[in-house]
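What follows is a short report on a single structure.
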Amino acid sequence: VDFDLILENIKYLNMLAGEGISQIEHTARGARLRQAEPLPLTLYQNGIVMCDGAFRPYQDPSTQQCLQDIMDGYFPSELQPRYPDGI
């Protein structure tokens, strides 16, 4: 696992997702500013935890696919069901 590449690409993906940029959310009484909720990813020596989920060892195929997506410069494909219109 190329941790330097993962960290570099996470910074890039955060920028694409609008990190730190507020969006207008329409409400019944008008509108308010809202910032996108972060998706936490914790890297450990022997695995990851993403979105407050279960620990996933690096040997797990879904973990390998998730990290490969990030190393390729893409948002993890496993997030598509949660964000069908993109992040």
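The values are calculated or read from the model by the stated rules, or taken from the named source; none is laboratory data. These numbers come from a predicted model, not from an experiment. No Cβ is skipped: glycine too gets one built from the backbone with ideal geometry, and neighbour counts run over all protein chains shown. Just so you know, the surface numbers come from the protein's heavy atoms only, side chains and all, with ligands and any DNA or RNA stripped out. Shrake-Rupley method; radii C 1.70, N 1.55, O 1.52, S 1.80 Å.
If you go through the range 52-63 and keep only what is touching a strand residue (DSSP E or B) at 6+ places or on another chain (Cβ under 9 Å) and without any contact (Cβ under 8 Å) to a residue 24 or more places away in the chain, you end up with F55, R56, P57, Q59, D60, S62, T63. Filtered by the rule that a residue be within 11 Å of the chain's Cα centre (by Cα) and open to solvent by less than 80 Å² (accessible area, probe 1.4 Å), the range 1-48 gives N9, I10, L13, N14, A17, L39, P40, L41, T42. Filter the strands (runs of 3 or more DSSP E) completely within the range 12-51 down to those with at least 3 residues that are among the charged types (D, E, K, R). Strands (runs of 3 or more DSSP E) meeting the threshold: none at all. When the residues of the range 51-68 are narrowed to those that are open to solvent by less than 90 Å² (accessible area, probe 1.4 Å) and over 15 Å from F3 (Cβ atoms), which ends up modelled with the lowest pLDDT? Going through the qualifying residues, I end up with C51.
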